[in-house]
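A.B. asks: Before we start, here is the structure in question, set down as structure tokens.
The values are calculated or read from the model by the stated rules, or taken from the named source; none is laboratory data. Predicted, not measured: the structure shown is a model, and the values here were computed from it. Every residue, glycine among them, receives a Cβ derived from its backbone with ideal geometry; neighbour counts consider all protein chains shown.
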Amino acid sequence: MKISGRVRIINYPGDYARIQDQEIIIVRNTNPDIVLYVNKISAIVAEVGSPLAHAAIIAREYRKPLILGAAGARRKFKNGQIITIDTARKTICSA
Amino acid sequence: MQRLIKYTYLLDNNRLAAEIEKWWRLYQRLIADKSCSWAQANEARAILYFLGYIFPEIVACGSLARRVPLLRPKISLDDFLSAVDSREQKILRLYEHNQKFKQLERFYLLVKALKNRVAADGSYLAEETFNKFYARRKPKNYF
């Protein structure tokens with residue numbers, strides 16, 4: 001599955017409130033605060049890699065496309081940048 | 001904390017749930033104690049790290065990765081987790097009377113509840129309270 005969208009970097013729980021509709025969030029891991037905003041996001045990119053990480057659980061519960069184990073992704077991409085993620089190939093490309 | 005691993009090996013969900021509660025209560029007690037020492041603050045930090053990361057993401061994940069492939073009919077770990085998380089009835093019906101599946105499902109739900117645990121301060125595993133509590137006790141010469 002391929003999804004394109006604007007990036008929203010999440011460094012702190014307060015960043016969730018800045019999420020705009022259909023953004024792809026890039027996060028180290030999520031925490032339960034995300035539940036209030038999860039319907040706005042189109043996909044999750046997480047730096048952690050465990051299928052039992054909170055980000056992975058949330059993605060499955062809300063059926064959001066997910067890429068796990070994207071180490072350093074928060075440094076590599078910027079807020080507002082357009083990216084395309086391919087969940088089958090586990091790739092992230094900037095447009 | 002070795003009991004958490006022991007009950008995971010045994011897949012004894014009742015004792016596991018009780019053990020998680022025991023550690024959670026000790027953690028809550030420590031971070032609520034205004035006279036808590038630096039050593040006790042680090043005991044709380046160890047519990048937080050174990051309950052919030054090592055146990056769910058390494059120990060429990062490894063246990064599921066080893067046990068789920070033993071289920072019959074066969075199911076991958078990803079499909080098992082997706083079926084439980086998104087309540088996929090088509091798959092869940094297949095294992096409706098499968099005791100091993102039910103045991104693993106309950107185990108996973110226990111771990112998931114831990115990952116979703118929000119404390120009275122509204123933060124995940126009371127991390128906000130913990131961070132303030134820990135910062136107040138940090139010695140000036142800490143490295």
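A.B. asks: Would you call residue B:67 assigned to a helix (DSSP H, G or I) and free of Cβ contacts under 8 Å to residues at least 60 places away in the same chain?
C.D. replies: Yes.
A.B. asks: Pick from B:41, B:46, B:32: which is of a type in the set (A, V, I, L, M, F, W, C) and either closer than 22 Å to residue A:50 by Cβ or at pLDDT 95 or above (or both)?
C.D. replies: B:46
A.B. asks: Can you tell me which residue in the range A:47-95 is farthest from residue B:88 (Cα to Cα), limited to those that are in contact (Cβ under 8 Å) with a residue 40 or more places away in the chain and in contact with a helix residue (DSSP H, G or I) (Cβ under 9 Å, 6 or more places away or on another chain)?
C.D. replies: A:79
A.B. asks: Next up: Quick test for you: out of B:63, B:76, pick the one residue that is on the phi < 0 side of the Ramachandran plot, modelled with pLDDT of 95 or more, loosely packed, with under 14 Cβ neighbours inside 10 Å and within 13 Å of chain A (Cβ to nearest Cβ).
C.D. replies: Testing whether each residue is on the phi < 0 side of the Ramachandran plot, modelled with pLDDT of 95 or more, loosely packed, with under 14 Cβ neighbours inside 10 Å and within 13 Å of chain A (Cβ to nearest Cβ) leaves just B:76.
A.B. asks: Follow-up. I'd like to verify a number: residues in the range A:1-27 that are surrounded by 15 or more Cβ atoms within 10 Å (Cβ to Cβ) and either out of contact with any strand residue (DSSP E or B) (no Cβ under 9 Å at 6 or more places or on another chain) or over 16 Å from residue B:116 (Cα atoms) (or both), how many?
C.D. replies: Summing the residues that are surrounded by 15 or more Cβ atoms within 10 Å (Cβ to Cβ) and either out of contact with any strand residue (DSSP E or B) (no Cβ under 9 Å at 6 or more places or on another chain) or over 16 Å from residue B:116 (Cα atoms) (or both) in the range A:1-27 gives 15.
A.B. asks: Residue A:46 passes all but one of (1) surrounded by fewer than 24 Cβ atoms within 10 Å (Cβ to Cβ); (2) more than 9 Å from every other protein chain (Cβ to nearest Cβ); (3) under 20 Å from residue B:117 (Cα atoms); which number fails?
C.D. replies: That leaves (1) as the condition not met.
A.B. asks: Name every residue in the range B:79-101 that is within 14 Å of another protein chain (Cβ to nearest Cβ) and either in contact with a Lys or Arg (Cβ under 7 Å, 6 or more places away or on another chain) or among the basic types (Lys, Arg) (or both), in order of residue number.
C.D. replies: B:81, B:82, B:85, B:86, B:87
A.B. asks: I need the full set of residues from the range A:30-43 which are surrounded by fewer than 20 Cβ atoms within 10 Å (Cβ to Cβ) and either at the interface with chain B (Cβ under 9 Å from one of its Cβ atoms) or under 20 Å from residue B:110 (Cα atoms) (or both), in order please.
C.D. replies: A:32, A:33, A:35
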